[in-house]
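Presented below is the structure to which this report refers.
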Amino acid sequence: MTTSRATTPRVRSAFYELSASNARELYRNKKGSFSILFMFFFLLLLIVGLNFAVNDGNRPEPIVAVTGAAAGMTPLLVTLDSRGVEATSARITGEENATINVNDNHAAVVLTGQDPPRWIPLVEAIEASGIPYANIAVQDESGFAQVDLLRANLPAVAAIGFMAIAFMGTAVPLVSLRQRGTLRLLGTTPVKKLTFIAAQTPVRFASGMVVALLVSVISIAMGYVSVVGLARLTATFLLGLLMFFAFAYLLASRSRNAELINHISAVIPVLALFASGEVFPKQILPEPVLVALNVLPTTWFAQAAGTDLSGTTPFIDVYLLWAMMLAVTIGVALLAARIFVWDDRDR
Amino acid sequence: MLDNRDSTSGLAEDVVTLTGVSKSYGSKLVVDDVSFRVRRGEIFGLLGPNGAGKSTLLESIVGLRSVSAGTISVLGAEPVRQRAFITANVSIQPQSASLFDTLSVRETLRLYASFHSRPGDVDEVMQRVGLANQADTWARNLSGGQLRRLLVGVAIVGRPQIVVLDEPSAGLDPGARQSLLGLIRGLKESGTTVLFSTHDMQEASDLCDRVAILAGGRIQALGSPDELIRLSDATSTVSFLVPADTDLSFLDEQFDSSAFSRSTVSIGIRVVVTTSDPDAILRQLTFRCRVAAREYSVRQSTLEDYFLKIVATSSAATSDLR
């Protein structure tokens with residue numbers, strides 16, 4: 001038993017008190033808080049580990065021969081030199097384990113020899129010399145494409161993190177409250193549905209910002225994103241997070257079955273991930289499938305984030321993707337608020 | 001049989017009016033043509049056996065359930081349609097409700113207070129529901145009785161005009177129950193109208209200005225507890241012990257054999273007489289020299305006796321219809 005004679009502070013607005021209560025509930029429910037961010041951290045560590053194992057660990061330092069158009073070679077050679085990469089303007093010693101062919105603002109990196117070298121620093125140098133990431137191709141001698149797993153998957157990892165917060169961390173607890181009768185009691189008070197729903201957001205939004213901040217820090221540290229790109233990426237993250245919240249509220253608007261919503265919440269991020277075009281190379285997908293995937297809002301987020309993180313080219317302009325995400329967010333949020341029920345028994 | 005329709009009105013303002021209310025779940029009729037009024041500032045009790053429809057009626061009054069037929073007016077508003085008005089003026093402590101597990105008593109009351117335009121003082125409410133010493137205890141760590149009191153606190157923190165309590169004393173220990181009854185009396189003193197359901201007839205007798213007895217979905221009786229006891233052909237039971245060789249023929253002369261019983265116990269004969277005039281029996285026993293009666297006990301008829309009689313009659317009628 002706890003005893004306290006302290007005076008209760010002044011009661012504030014319903015939105016403030018609900019937001020504070022949500023934050024307390026989330027903070028005090030350690031298991032719940034952990035499960036919200038678990039998927040993000042698990043995937044991030046997995047991808048970082050895989051990337052290190054596949055593209056970096058135990059690989060020799062690169063010795064590079066740069067070939068191709070003279071206009072592109074000089075700045076690249078300077079950049080490589082400044083980064084401590086041994087590079088020549090043509091194959092000279094025979095000890096080179098990579099060649100970079102520069103042509104028409106494109107660069108092709110071929111890894112040679114039995115022990116392919118660390119190649120990610122080469123791509124960073126090429127990008128720093130002014131050639132866009134999207135115009136850089138890396139392959140081994142047999143023509144097998146090399147992929148920077150971290151860079152390619154960061155948009156998907158961010159999306160998974162956001163969706164876990166929105167669906168596992170928001171929809172499931174909401175339905176659970178309805179199942180237990182807490183919403184039923186709230187429905188007998190003057191609090192407005194929109195206030196209640198909106199008050200779920202601040203603490204979860206803060207969790208989303210932790211994900212966004214971490215992805216941004218990694219992107220900056222790895223040189224994936226420029227200052228301009230970072231501003232755009234931040235806007236994409238904000239819009240994406242709000243959009244996922246809107247869908248989570250819609251999912252939670254009427255159900256009383258927390259277990260079902262839990263299952264759905266676990267499956268949705270995975271399905272969305274596969275459907276976003278960030279897992280399967282677009283080249284292997286038939287055109288009708290691509291068109292269908294491009295209709296999904298999750299794809300819009302992944303493509304907008306991928307533009308700045310992975311240097312990929314979206315199927316339409318990023319700003320249009322933002323507009324579409326914003327429109328869907330508003331529409332879905334309004335729909336969720338409209339059909340939300342405190343308790344759907346006997347209505 | 002009492003008229004199950006409430007014809008009283010007028011002296012005090014009616015704040016709740018039910019007219020011909022019926023409620024079905026699928027083909028099952030749970031509430032059947034119920035009408036009554038609740039006056040401002042009174043404590044009105046809904047009594048009935050399990051499944052009588054008490055919770056359904058209370059939840060319909062606060063707009064949590066829609067009715068299949070009839071009308072409900074609360075403070076002149078329709079509960080299901082005029083939600084904003086109803087939620088601002090009427091609070092309910094449902095029978096089964098859950099609060100936020102990891103919010104303390106104080107935080108819970110603060111939260112619910114924030115929903116109202118002129119809430120009561122949270123510290124004062126904690127005192128009133130007897131949870132001041134548990135102010136910082138999380139809801140999930142409260143006992144069943146404490147949780148129920150917190151739900152009552154949640155219901156009153158908004159200072160509503162009408163408080164609806166669904167079996168508020170269920171599961172409370174005697175001390176907590178007494179303190180809750182005191183709280184309900186306090187609500188009445190402050191002008192709040194209280195509707196509550198209970199299985200405890202003593203509680204209803206002690207607290208309620210009027211009660212409605214609900215059985216089989218219908219109101220079987222309606223009035224003040226005293227009225228109902230009087231209307232029920234009230235009888236009392238006089239019990240006493242006499243030596244085994246006592247002549248009890250005077251009982252045979254005065255009472256029908258069904259009105260008294262004799263049972264032999266180790267120290268004599270235990271006699272139990274059912275009568276509408278217990279004083280007369282006591283006088284006779286006192287002044288008859290040859291009857292050395294002792295261990296007297298007189299039990300007045302109670303609301304519970306009337307309730308059991310009404311419910312039994314209702315069950316029999318329902319069986320007959322089947």
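A few notes on this one:
- Computing FRET efficiency as 1/(1 + (r/R0)^6) for residue B:12 and residue B:50, where r is the C-beta to C-beta distance and R0 is 30 Å, gives about 0.40.
- Placing dummy labels 7 Å off each Cα toward the beta-carbon, the span from residue A:330 to residue A:285 is 2.8 nm.
- Accessible area buried, both sides summed, chains B and A with 1.4 Å probe, Å²: 3600 Å²
- Expressed as a whole percent, the proportion of Cα-Cα pairs in segment A:1-159 lying more than 26 Å apart is 47%.
- Taking every protein chain into account, the accessible area of segment A:187-229 amounts to 42 square angstrom per residue (probe 1.4 Å).
- Treating r as the C-beta distance of residue A:296 and residue B:136 and R0 as 51 Å, the FRET efficiency rounds to 0.60.
- Interface residues of segment B:58-73, defined as those losing at least 30 Å² of solvent-accessible heavy-atom surface relative to the isolated chain (probe radius 1.4 Å), are listed as B:64, B:65.
- Translational D in µm²/s for the protein assembly as shown (Stokes-Einstein at 20 °C, 1.002 mPa s, Kirkwood Rh from C-alpha pairs): 69 µm²/s
- Antiparallel DSSP beta bridges within segment A:57-147, percent to nearest 5: 35 percent
- Gain on full stretching of the segment that runs from residue A:134 to residue A:41 - 0.36 nm per residue minus C-alpha separation: 30.8 nm
- Under the simplified labelling scheme, the residue B:249-residue B:143 pair shows an inter-label distance of 5.9 nm, with each label point 7 Å from Cα along Cα→Cβ.
- Dipole orientation for segment B:175-248: of the candidates B:175, B:238, B:193, B:193 has the Cα lying most toward the positive pole (charges on Cβ; Lys, Arg +1; Asp, Glu -1).
- In chain A, the inverse of the mean reciprocal separation of distinct Cα atoms equals 22.6 Å; this is its Kirkwood hydrodynamic radius.
- Number of partner chain Cβ atoms within 10 Å, mean per residue of A:20-32: 3
- The charge dipole of segment A:23-139, taken about its Cα centre with unit charges on the Cβ atoms of Lys, Arg (+1), Asp and Glu (-1) only, comes to about 840 debye.
- Heavy-atom accessible area per residue - segment A:57-147, 1.4 Å, Å²: 51 Å²
- Sum of -39500 (n - 2.57) over DSSP H runs of 4+, divided by residues of chain A (222 nm, nearest 500): -19500 deg cm²/dmol
- Calculated [θ] (222 nm, deg cm²/dmol) that DSSP helices of n ≥ 4 give over chain B, each run adding -39,500 (n - 2.57): -10000 deg cm²/dmol
- Building the convex hull from the alpha-carbon atoms of chain B and averaging its projection over directions returns 21.1 nm².
- Modelled this way, with points 7 Å down the Cα-to-C-beta line, the labels at residue A:112 and residue B:28 are 8.3 nm from one another.
- Using the Karplus relation 6.51 cos²θ - 1.76 cosθ + 1.60 with θ = phi - 60°, the per-residue 3J(HN,Hα) values for segment B:85-99 come to 5, 5, 5, 6, 10, 10, 10, 10, 10, x, 5, 10, 9, 10, 9 Hz, with x marking Gly and Pro.
- Computed in the context of the full set of protein chains, the accessible area of segment A:57-147 at 1.4 Å probe radius has 50% of its extent on carbon or sulfur.
- Share of Cα-Cα pairs in segment A:57-147 lying beyond 20 Å, as whole percent: 23 percent
- Cβ charges +1 (Lys, Arg) and -1 (Asp, Glu), total dipole of chain A, debye: 2740 debye
- Lys/Arg +1, Asp/Glu -1 at C-beta; the protein assembly as shown dipole; positive extreme among B:215, A:166, B:35: B:35
- Evaluated with a Cβ-only charge set (Lys, Arg +1; Asp, Glu -1), the protein assembly as shown carries a dipole of roughly 1320 debye about its Cα centre, given to the nearest 20.
- Qualifying aspartates and glutamates (Cα of each under 16 Å from Cα of residue B:188; at least 8 residues distant if same chain): B:13, B:14, B:42, B:203, B:206, B:209
- Heavy-atom accessible area order for A:131, A:268, A:330, largest first, 1.4 Å probe: A:330, A:268, A:131
- Selection among A:138, A:221, A:207 by position relative to the dipole of segment A:77-225 gives A:207 as farthest towards the positive end (Cβ unit charges, Cα centre).
- Reachable lysines from residue B:23, criterion Cα separation under 26 angstrom, eight or more residues apart if same chain: B:54, B:309
- Eligible lysines near residue A:30 by straight Cα distance, threshold 28 Å, same-chain separation 8 or greater: A:193
- Burial order of peptide ranges A:299-306, B:238-245 (average beta-carbon count within 10 Å, highest first): A:299-306, B:238-245
- Computed FRET value (nearest 0.05) for residue A:58 with residue A:12, which takes r as the C-beta separation and R₀ as 60 Å: 0.55
The values are calculated or read from the model by the stated rules, or taken from the named source; none is laboratory data. Note that this is a predicted model, so its numbers are computed, not measured. As a convention, Cβ positions derive from the backbone with ideal geometry for all residues, glycine included, and neighbour counts pool all protein chains shown. Side chains are part of the model used for accessible areas, which takes the heavy atoms of the whole protein and leaves out ligands, DNA and RNA. Shrake-Rupley method; radii C 1.70, N 1.55, O 1.52, S 1.80 Å.
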